[in-house]
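Asker: First the structure, then my questions, so here it is.
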Amino acid sequence: MKIGVVIFPGSNCDHDTYYVAKEVFGQECVFLWHRDRTLPEVDLVILPGGFSYGDYLRCGAIAKFSAIMDRIRQFAAGGGLVLGICNGFQILQEAGLLPGVMLRNRGLKFICDFVHIRVERNDLPATLGCRQRQVLRLPIAHNEGSFYADPELLARIESNRQVLFRYCDGQGNVSDEANPNGSLHNIAGVANEAGNVFALMPHPERASEMALGSDDGKYLFQSLAQWAENRISASAQ
């Protein structure tokens, strides 16, 4: 598959994501500049982590106005795959492509640590290679990662099965003790209703080789590659 990784001013995980996609998992990968007004032929767009525009105003609030975002909205509306990681999640929320908002962590402190998340759906492109309720160990690094939605929206997210990952303990138990930032319903990742735009706060690209302490991030990248292979096979029949 061909992957486009967006670079915003302040992105700091763009090269990590590019390296993992291309060098670790052997996928074709290109950088996309935030000022670009065209989008090359890609199968997946990744909005990486970092601090786009210094996180001024709100996280992702300025990045949503970048020229590339107009094309990403069109890409997503046409069924293209879009993945947001950490700050990319926040940008997709600000852009209206994913539900909810991110508030300050309940402890009002930046958190940089490994956490466990549980796979809630394994029928979407990012989780095809995962088992239902599989537990992944991935790192987080954020100050505004507390997922919030008003009661009506939260109920709709749950009823539509848009929750992709929840924070849990190592055994897969979802509890307040396993919730690092106060996210409602322990939500660590969501998808849009169509299932082609998805994001998570933990960093899979920082846990795709055992030298980094975990390679559980491989499940997401391998799942996306598997989805692309399945699509190619289906179109050839």
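The values are calculated or read from the model by the stated rules, or taken from the named source; none is laboratory data. As the structure is a computational prediction, the values presented were derived from the model and not from experiment. Cβ: placed from backbone, ideal geometry, glycine included. Neighbour counts: every protein chain shown.
Asker: How many residues, within the stretch 154-186, are surrounded by 14 or more Cβ atoms within 10 Å (Cβ to Cβ) and under 24 Å from residue 111 (Cα atoms)?
Answerer: 18
Asker: A further question on this structure: Taking the stretch 67-90 as the region of interest, how many residues are buried (at least 17 other Cβ atoms within 10 Å of the Cβ) and in contact (Cβ under 8 Å) with a residue 60 or more places away in the chain?
Answerer: 13
Asker: Could you tell me how many of the residues in the stretch 10-44 are part of a loop (DSSP other than H, G, I, E, B) and in contact with a strand residue (DSSP E or B) (Cβ under 9 Å, 6 or more places away or on another chain)? Reasoning before the result, please.
Answerer: Applying the first criterion (part of a loop (DSSP other than H, G, I, E, B)) to the stretch 10-44 yields 10, 12-13, 25-27, 34-43.
Among the residues that remain, those that are also in contact with a strand residue (DSSP E or B) (Cβ under 9 Å, 6 or more places away or on another chain) are: 10, 12-13, 27, 34, 36, 39-43.
Residues flagged as part of a loop (DSSP other than H, G, I, E, B) and in contact with a strand residue (DSSP E or B) (Cβ under 9 Å, 6 or more places away or on another chain) within the stretch 10-44 amount to 11.
Asker: For the stretch 44-56, indicate whether the set of residues that are more than 19 Å from residue 140 (Cα to Cα), touching a Leu at 6+ places or on another chain (Cβ under 6 Å), modelled with pLDDT of 95 or more and surrounded by 17 or more Cβ atoms within 10 Å (Cβ to Cβ) is non-empty.
Answerer: Looking only at the stretch 44-56, we keep the residues that are more than 19 Å from residue 140 (Cα to Cα), and these are 44-45, 53, 56.
Checking which are touching a Leu at 6+ places or on another chain (Cβ under 6 Å) leaves us with 44.
Within this subset, residues satisfying the condition of being modelled with pLDDT of 95 or more are 44.
Narrowing further to those that are surrounded by 17 or more Cβ atoms within 10 Å (Cβ to Cβ): 44.
There is at least one residue in the stretch 44-56 that is more than 19 Å from residue 140 (Cα to Cα), touching a Leu at 6+ places or on another chain (Cβ under 6 Å), modelled with pLDDT of 95 or more and surrounded by 17 or more Cβ atoms within 10 Å (Cβ to Cβ).
Asker: Any chance you could count how many residues in the stretch 45-60 are within 17 Å of the chain's Cα centre (by Cα), within 25 Å of residue 110 (Cβ to Cβ) and not in a helix (DSSP H, G or I)?
Answerer: At the first step, the residues of the stretch 45-60 found to be within 17 Å of the chain's Cα centre (by Cα) are 45-52, 59-60.
Narrowing further to those that are within 25 Å of residue 110 (Cβ to Cβ): 46-52, 59-60.
If we keep only those that are not in a helix (DSSP H, G or I) too, we end up with 46-51, 59-60.
Qualifying residue count, the stretch 45-60: 8.
Asker: For the subset of the stretch 114-127 comprising residues that are farther than 24 Å from residue 81 by Cβ and either touching a Pro at 6+ places or on another chain (Cβ under 7 Å) or among the hydrophobic types (A, V, I, L, M, F, W, C) (or both), which member is surrounded by the most Cβ atoms within 10 Å (Cβ to Cβ)?
Answerer: The initial filter retains those residues of the stretch 114-127 that are farther than 24 Å from residue 81 by Cβ, namely 114-116.
Add one more test, that the residue is either touching a Pro at 6+ places or on another chain (Cβ under 7 Å) or among the hydrophobic types (A, V, I, L, M, F, W, C) (or both), and what stays is 114-115.
Details: 114: 15, 115: 20.
Selected residue: 115.
Asker: Condition test on residue 176, is it touching a residue at least 40 places away in the same chain (Cβ under 8 Å) and among the acidic types (Asp, Glu)?
Answerer: Numbers: touching a residue at least 40 places away in the same chain (Cβ under 8 Å): no; among the acidic types (Asp, Glu): yes.
Taking the combined requirement at face value, the residue does not satisfy it.
Asker: Looking at the stretch 208-231, I want the residues that are in contact (Cβ under 8 Å) with a residue 60 or more places away in the chain and acidic (Asp, Glu) and have a partner that is surrounded by fewer than 19 Cβ atoms within 10 Å (Cβ to Cβ) and in a loop (DSSP other than H, G, I, E, B) with Cβ atoms under 8 Å, at least 6 apart or on another chain. Which pairs are those?
Answerer: Note: pairs meeting the criteria are 209/215.
Asker: Condition first: touching a residue at least 40 places away in the same chain (Cβ under 8 Å) and over 12 Å from residue 86 (Cα atoms). Now tell me which residues in the stretch 191-202 satisfy that. So that I can check it myself, show each step before the final result.
Answerer: If we filter the stretch 191-202 for residues that are touching a residue at least 40 places away in the same chain (Cβ under 8 Å), which is where we start, we get 191-192, 194-202.
The answer is 191, 192, 194, 195, 196, 197.
Asker: Could you check the stretch 31-43 and list, in sequence order, the residues that are surrounded by fewer than 23 Cβ atoms within 10 Å (Cβ to Cβ) and not charged (D, E, K, R)? Talk me through it step by step, then tell me what you get.
Answerer: Taking the stretch 31-43 as the starting set, the residues that turn out to be surrounded by fewer than 23 Cβ atoms within 10 Å (Cβ to Cβ) are 31, 33-43.
Listed by number, the residues that qualify are 31, 33, 34, 38, 39, 40, 42.
Asker: Given the structure, is residue 108 closer than 17 Å to residue 187 by Cα and in a loop (DSSP other than H, G, I, E, B)? Give the derivation first.
Answerer: Working: closer than 17 Å to residue 187 by Cα: no; in a loop (DSSP other than H, G, I, E, B): yes.
So residue 108 fails the test.
Asker: Sticking with this one: Could you give me the residue pairs with C-beta distances under 6 Å whose first residue belongs to the stretch 7-33 and is over 19 Å from residue 139 (Cβ atoms), whose second residue is among the charged types (D, E, K, R) and surrounded by 15 or more Cβ atoms within 10 Å (Cβ to Cβ) wherever it lies, and which are 6+ apart or on separate chains?
Answerer: 7/14; 29/22
Asker: Separate question: Run down 205, 177 and say which single residue is within 23 Å of residue 81 (Cβ to Cβ), acidic (Asp, Glu) and either at pLDDT 95 or above or not in a loop (DSSP other than H, G, I, E, B) (or both).
Answerer: On the way: 177 fails: within 23 Å of residue 81 (Cβ to Cβ).
After applying the criteria, what remains is 205.
Asker: Here is a follow-up. With the checklist (1) farther than 27 Å from residue 16 by Cα; (2) in contact with a Ser or Thr (Cβ under 6 Å, 6 or more places away or on another chain); (3) of a type in the set (Gly, Ala, Ser); (4) not in a loop (DSSP other than H, G, I, E, B) in hand, flag the one item residue 155 doesn't pass.
Answerer: (2)
Asker: Examine the stretch 128-141 for a residue that is assigned to a strand (DSSP E or B), buried (at least 23 other Cβ atoms within 10 Å of the Cβ), touching a helix residue (DSSP H, G or I) at 6+ places or on another chain (Cβ under 9 Å) and touching a residue at least 60 places away in the same chain (Cβ under 8 Å), and state whether such a residue exists.
Answerer: yes
Asker: Further question on the same structure: Being crowded, with 23+ Cβ neighbours inside 10 Å and over 15 Å from residue 88 (Cβ atoms) is the filter here; which residues of the stretch 187-206 pass it?
Answerer: Within the stretch 187-206, just 187 meets the criteria.
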